[in-house]
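Let me begin by presenting the structure, written as structure tokens, before commenting on it.
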Amino acid sequence: MRESLEELYDGHAQALFAFLLNLTRNEADTRDLLQEVFCKIARRRDLLDDARDTRAFLLRTAHNLALDLIRRRAARERKHDALAGESPAVFEPADDLDERRCREALAAALAELPEEQRAVIHLKLWEGLTFEAIAETLGIPPNTAASRYRYGIDKLRERLRPIYGELR
Amino acid sequence: MNEFEKRIAETPPRRVPAAWRQDILAAARSEIATEPAPRPARPGWLEWLWPRPVAWGALAAAWVVIFALHAATPSPSGSQTASAPGNTLSLIVKRQQELTSLLATANETTPPKAVSPRSERRRDINAA
């Protein structure tokens, strides 16, 4: 049975928002892209009817739109360094001061990763996808997904060692 | 997944702002409203021709040109066929006149020799 737009939004908007925010590191862009995803679905419901996994299809659509935006933005502004330094709030604020510092550090460390590693890490850690599912979502071979994940995690571990020192 | 990865995965992503829901869904619904109406179904024959409209158009144009050239070019027997009824009638009348005059001439000059019986012909042969 076909889901309504409201049901689709309630079921998937949070995952798409977190993914897009982690990719774009910009709240306004994330909002535009999220709206674009749902407008696209509204225009072409048949695309979703053919999809085996609704969440995977929406994530793939969001990823493609985000890539387009990032490329356009990079060509227009060349602000990669400034972008990495922005570190917008991609995580829920924490009441505990140490936990807040950890989250801010994690957000900053993620922002330093290349977009392709960040996308794989997000889908693996926060969406719980397998490397095969990540590969299908991003349109890359599973081995590439796994290697991007390992490179990204190693960089995060290195970057966060002072804060997450007790965790190996 | 090791402890480090688990620790990261437990960090809750930021919640999508609640105020976005209404605006985004309204924008999505407006996309449905502004979507162009589906094109009316083409008749079967047009559906069959549709994949190559230019090719079919070119073929039709070629036929028109061929037909026009055929109609414009005079055929070798065209003039005869155009006046055929009149010619045929005059030809028949002429032939009839010739035949009549021929018969009249033949009657005047040499009367037909009567054919003698076969027995008399034998007599003639013996006499000779």
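Any read-out appearing in this document is the output of simple, stated calculations on the displayed coordinates, not a laboratory observation. Since the model is a prediction, treat every value here as computed from it, not as a measurement. Quick reminder, even Gly has a Cβ in these numbers, built from the backbone with ideal geometry, and neighbours come from all protein chains shown.
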Going from the fewest other Cβ atoms within 10 Å to the most, one would list B:VAL93, A:VAL120 as B:VAL93, A:VAL120
Quick calc, segment A:42-161, dipole around Cα centre from Cβ unit charges on Lys, Arg (+) and Asp, Glu (-), nearest 20 debye, gives 440
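Rank these for me by crowding, A:ARG73, A:ARG150, going from fewest to most other beta carbons within 10 Å.
The most exposed by this proxy come first: A:ARG150, A:ARG73.
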Amide H proximity to A:PHE91 below 5 Å, modelled H, separation 5+ or other chain, gives B:ARG14
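Taking segment B:1-31, which GluC sites (Glu not before Pro) meet the DSSP loop condition and have no more than 15 other C-beta atoms within 10 Å?
Working: sites: B:GLU3, B:GLU5, B:GLU10, B:GLU31; in loops: B:GLU10.
Listed in order of number, the matching sites are B:GLU10.
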Taking Cα atoms only, helix A:97-112 is inclined relative to the longest principal axis of chain A by an angle, in degrees rounded to 10, of 70
Binned at 5 Å from zero, the C-alpha pair distances of chain A give percents of 1, 8, 16, 20, 20, 16, 10, 5, 2, 1, 0
Rounded to the nearest 10 degrees, the helix A:54-77 long axis (Cα) sits at an angle to the longest Cα principal axis of chain A of 60
Ranked by GNM mean-square fluctuation in chain A (Cα springs under 10 Å), the top entry among A:PRO142, A:PRO93, A:PRO114 is A:PRO93
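Order by neighbour count: A:LEU67, B:LEU69, fewest other Cβ atoms within 10 Å first, most last.
B:LEU69, A:LEU67
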Computed on Cα atoms, Rg of segment A:121-167 relative to 2.2 N^0.38 Å comes out at 1.28
Longest principal axis of chain A (C-alpha) makes with the long axis of helix A:27-43 (C-alpha) an angle, in degrees to the nearest 10, of 20
